[in-house]
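A short worksheet on the structure shown next.
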Amino acid sequence: MKPIFFSILISTLFPLCLFAVETPPVLLQWKWKQNQVLELNEYHDVLFRVGKHSVAREDKNRVLLKTTKCDTASCQVDALFNTYVRFGKTEGPYRKDKDFKSNFIIFRNGKYEVADEYVMPNLRSFPSFPETAVNAGDTWKIPAEESFDFSGERIKVTVEPEYYFHGKSKWAYEDKSGFAEKITYTYPIYYDSLSKKDKINNVPNKIFGFARGTVFFNAEKGIPEYKDVKLSYTFVLPDGTVQEANFHIHGLYQSRKSLNANEKEKFKDDVLQDLIVGGETLLGKGKDNPNGEDPSPISVRTTEDGVTFSLDSILFDFNDSKLKPEAEEAVRKIAEILKKHPEREVRVSGHTDNIGKKDYNLKLSEERAKSVLHKLVENHKMEENHISFKGYGDEVPVAPNDSEENRKKNRRVEITLVLD
């Protein structure tokens with residue numbers, strides 16, 4: 001029986017609290033404005049267990065929330081959920097896994113309204129706040145929802161967290177820290193569909209578990225700063241198989257203004273200037289460097305995600321994933337630019353043309369992406385928790401594969417500095 005493995009993205013909390021101080025009554029509510037961006041980076045310790053067999057892995061989830069329309073009651077939010085994974089209790093970069101898009105409403109009191117067509121967010125309305133100001137020691141209950149997306153069915157479970165307000169408190173996680181309103185909560189999870197006539201394999205007919213957590217919410221700015229959550233689930237399948245999943249999640253939030261197309265182009269132009277080395281450019285003749293004489297192994301363009309550096313396949317030997325020595329200068333200069341923006345995510349992707357077997361091309365593209373990534377991390381000390389890799393094979397061409405010249409354009413490794 002194949003285990004049910006899934007990702008938990010936007011969740012609950014249980015943090016490191018140093019001490020609390022007495023505070024006056026405070027009104028807790030979201031204070032978002034239109035065109036605001038809130039980025040959440042979650043780091044998960046995950047353990048799956050089926051019988052005597054267990055699998056440990058570390059996940060990272062990047063959640064990007066953009067407000068498109070706000071009024072006094074709520075904000076409409078465009079959301080992008082990126083998932084990453086690395087198996088085992090290891091260090092090193094994450095492999096980019098899946099992307100989910102969503103659009104939903106967040107009310108000022110923290111309640112969500114999500115259309116059925118969207119999988120994410122799967123933990124909804126955490127935390128939610130009373131309509132009146134609260135004092136340290138106050139408690140409240142507001143219903144929330146967990147949504148489980150299995151291969152054959154989506155299961156929604158209503159839960160009722162019990163919240164406790166502690167007042168203002170310090171928090172710390174790795175090299176980050178803050179001072180904000182501390183809220184803790186707990187709730188049980190229970191779902192039973194034994195009365196259903198139609199049962200689907202690998203879709204549980206019973207779910208039970210428990211959650212506890214803490215969120216540090218900045219009441220002045222009206223946005224969260226940090227969260228830490230523990231989630232424990234047990235799934236019982238129709239054939240009696242029992243599966244367990246445990247998550248310990250740390251989440252860090254950062255807020256910023258959304259960049260428009262013109263601002264992204266300006267960012268790209270600044271990057272192009274940085275690629276000039278000692279009066280000489282690493283770019284060849286082209287749109288961004290019309291006076292260049294020779295084709296260049298590097299090109300730069302703006303994409304939906306941000307600014308992308310494209311490394312030509314001439315930096316690799318044929319059918320080889322090891323970078324040639326002459327690629328070092330190009331990677332070094334790109335690393336210098338990336339390190340000027342340590343708060344930004346970096347994605348390394350490998351691509352091929354459509355010649356050859358798809359499985360082989362997919363593996364080669366991933367190995368080439370990893371080769372470039374390891375140079376960035378090992379030689380240029382890039383922060384590995386902010387960098388990921390993925391091989392796409394021939395799935396994302398930049399030109400039709402109808403000539404050798406175009407196929408050459410598609411054989412590349414791209415490094416994207418994520419702006420959104």
Exercise for the section: Evaluate segment 395-414: report whether one residue or more is surrounded by 15 or more Cβ atoms within 10 Å (Cβ to Cβ), of a type outside the set (Val, Ile, Thr) and closer than 23 Å to residue 43 by Cβ. Expected result: no
Completion exercise
With the first residue restricted to segment 170-195 and required to be closer than 19 Å to residue 219 by Cβ and assigned by TED's automatic domain parsing to the domain that holds residue 125, and the second required to be in a strand (DSSP E or B) and of a type in the set (Val, Ile, Thr), Cβ contacts under 7 Å at 6 or more apart or on different chains are 181/26; 182/214; 183/214; 183/215; 184/214
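If a residue has to be of a type in the set (Lys, Arg) and buried (at least 21 other Cβ atoms within 10 Å of the Cβ) to count, how many in segment 89-113 make the cut?
1
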Exercise for the section: Filter segment 67-88 down to residues that are over 16 Å from residue 385 (Cβ atoms) and of a type in the set (Val, Ile, Thr) and give me whichever is surrounded by the fewest Cβ atoms within 10 Å (Cβ to Cβ). Expected result: 72
Practice task
Consider residue 165 carefully, then state whether it is out of contact with any Pro (no Cβ under 7 Å at 6 or more places or on another chain), assigned by TED's automatic domain parsing to the domain that holds residue 217 and farther than 19 Å from residue 228 by Cα.
Solution key: no
Practice task
Could you please tell me which pairs satisfy a Cβ distance under 8 Å, a separation of 6+ or placement on different chains, a first residue in segment 215-228 that is under 13 Å from residue 31 (Cβ atoms), and a second residue that is surrounded by fewer than 23 Cβ atoms within 10 Å (Cβ to Cβ) and of a type in the set (Ser, Thr, Tyr)?
Solution key: 221/255; 223/253; 223/255; 224/253
Exercise for the section: Could you look through segment 125-164, keep only residues that are free of Cβ contacts under 8 Å to residues at least 60 places away in the same chain, within 15 Å of residue 217 (Cα to Cα) and aromatic (Phe, Trp, Tyr), and pick out the one that is surrounded by the most Cβ atoms within 10 Å (Cβ to Cβ)? Expected result: 163
Completion exercise
Per the filter on segment 67-96, residues touching a Lys or Arg at 6+ places or on another chain (Cβ under 8 Å) and among the acidic types (Asp, Glu) are 78
Fill in the blank from the handout: The number of residues in segment 302-355 that are exposed (fewer than 14 other Cβ atoms within 10 Å of the Cβ), at pLDDT 85 or above and basic (Lys, Arg) is 1
Practice task
Sort out which residues of segment 214-251 are crowded, with 17+ Cβ neighbours inside 10 Å and either basic (Lys, Arg) or outside the structural domain of residue 41 (by TED's automatic domain parsing) (or both), and write them in order of number.
Solution key: 227, 230
Problem - Counted residues, segment 127-160 - those being closer than 17 Å to residue 191 by Cβ, hydrophobic (A, V, I, L, M, F, W, C) and in a strand (DSSP E or B) - result: 5
Handout entry: Unmet requirement for residue 254, which otherwise passes all of (1) part of a strand (DSSP E or B); (2) crowded, with 17+ Cβ neighbours inside 10 Å
Key = (2)
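The values are calculated or read from the model by the stated rules, or taken from the named source; none is laboratory data. From a predicted model like this one, the values you see are computed outputs, not experimental measurements. Neighbour counts are summed over all protein chains in view; Cβ atoms, including those assigned to glycine, are modelled from backbone coordinates with ideal geometry.
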